[in-house]
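Asks: Dropping a structure here in structure tokens format, bear with me for questions.
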Amino acid sequence: MPSVRQNKASSLIQRELSLIFQRESRNLFKSALISVTKVRMSPDLKVARVYLSLFGKENPQDLLADVRRQQGNVRRLLGIDLKHQLRYIPELNFFLDDSLDYAEEIDALLNNDD
């Protein structure tokens, strides 16, 4: 169960990462649309698991690889934005959020039964 501190840090990081991806998408990711769906923090707040929804490329795995390659730049920009709010800027681990695909699959299975 996440603590209040973890929840506050994750929502802060989610908001700032969303702004970073919106602001820097043209430069770093060739104008792809990247949405931060959720952030989960470790208990010591040093590791953040960031779940992304990716649009704008045929293969989201390629875009996820680009995001992982730019991880250092994204963390640096996050550090600039949050230097007065967090003691440590967490290590960022990016994952593809497939909850929308899963929901569409379940919906399709339910509609096929008719």
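Asks: One residue is enough: does the stretch 44-56 have a residue meeting the conditions touching a helix residue (DSSP H, G or I) at 6+ places or on another chain (Cβ under 6 Å) and in a helix (DSSP H, G or I)?
Replies: No.
Residue-wise test of (1) open to solvent by 50 Å² or more (accessible area, probe 1.4 Å); (2) at pLDDT 90 or above.
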| residue | (1), (2) |
| --- | --- |
| MET1 | yes, no |
| SER18 | no, yes |
| SER25 | no, no |
| ARG49 | yes, yes |
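Asks: Based on what the data block shows, is ASP81 in a helix (DSSP H, G or I), more than 16 Å from ASP97 (Cβ to Cβ), modelled with pLDDT of 90 or more and of a type in the set (D, E, K, R)?
Replies: yes
Asks: Can I ask one more? Would you tally the residues in the stretch 82-97 being open to solvent by less than 100 Å² (accessible area, probe 1.4 Å) and in contact with a helix residue (DSSP H, G or I) (Cβ under 9 Å, 6 or more places away or on another chain)?
Replies: Total satisfying the criteria: 10.
Asks: In addition: Within the set of pairs 6+ apart or on separate chains, which have a first residue in the stretch 66-87 that is β-branched (Val, Ile, Thr), a second that is open to solvent by less than 50 Å² (accessible area, probe 1.4 Å), and C-beta atoms under 6 Å apart?
Replies: Matching pairs, first to second residue: VAL67/PHE94.
The values are calculated or read from the model by the stated rules, or taken from the named source; none is laboratory data. None of the values given here were measured: they were computed from a predicted structure. When we count neighbours, we look across all protein chains shown, and the Cβ atoms used for this are built from the backbone with ideal geometry, even at glycine. Heads up: the accessible areas ignore ligands, DNA and RNA and are worked out on the full protein's heavy atoms, side chains in. Shrake-Rupley method; radii C 1.70, N 1.55, O 1.52, S 1.80 Å.
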